[in-house]
Structure formats: structure tokens, C-alpha cells
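Just so you know, all these numbers are worked out from the coordinates, no wet-lab data involved. Computed from a predicted structure; not experimentally measured. Positions of Cβ are generated from backbone atoms using ideal geometry, with glycine treated the same way; all protein chains shown enter the neighbour counts.
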Amino acid sequence: MLEDFRNKTVVDLGCGSGQHIGFVAPYAEKIVGVDLNTADIAGRNTLSFLNIEIVETDIAEFS
């Protein structure tokens, strides 16, 4: 199932602490984690991956 993410961009809306991002990161080309309150935590938890971008914003305003 994780192979389905190969060479794709994945957006994790409401990423929280980023715990799910770490599972997908080795497979996806890029991951964007979006969360309003915990983006700083997600950023710290995903530092070992270069293909992750954490955006701190309301998901209703994310584009």
C-alpha cells in the first residue's frame, strides 16, 4: 500500500504531531503537513526527512 505513494505529493491535513508523515516519507516524493496548532511539533518530529514541508495554518485557508 505504501508503494502507492511513490513519486507523488502527499498532503496531510491536520497532521498533528506528524506521526503518520514518517511512515509515508520514505515513499513519497514530497509531503506537506498542515496543522494550525501543532505544526511546530510535527516539524521537530520529521526533521530527519528532507522531503517534508510543515505549514502552520488553518486547513480551511490552505491552498
Just subtract the alpha-carbon distance of GLU61 and ARG44 from 0.36 nm times their residue separation and send over the number in nm, one decimal. 3.8 nm
Output row, site GLU53, 7 Å Cα→C-beta label point, backbone N cut-off 15 Å, window segment 1-23, residues 8-13
What 222 nm value per residue comes from the helices of the chain, counting each DSSP H run with n ≥ 4 as -39,500 (n - 2.57) and dividing by all residues, nearest 500 deg cm²/dmol? -3500 deg cm²/dmol
Once you charge only the Cβ atoms, +1 for Lys and Arg and -1 for Asp and Glu, what is the size of the charge dipole of the chain about its Cα centre, to the nearest 20 debye? 240 debye
Quick one: Debye curve from the alpha-carbon atoms of the chain only, equal weights, vacuum; give me log10 I(q)/I(0) at q = 0.25, 0.29 Å⁻¹ to two decimals. -0.98, -1.21
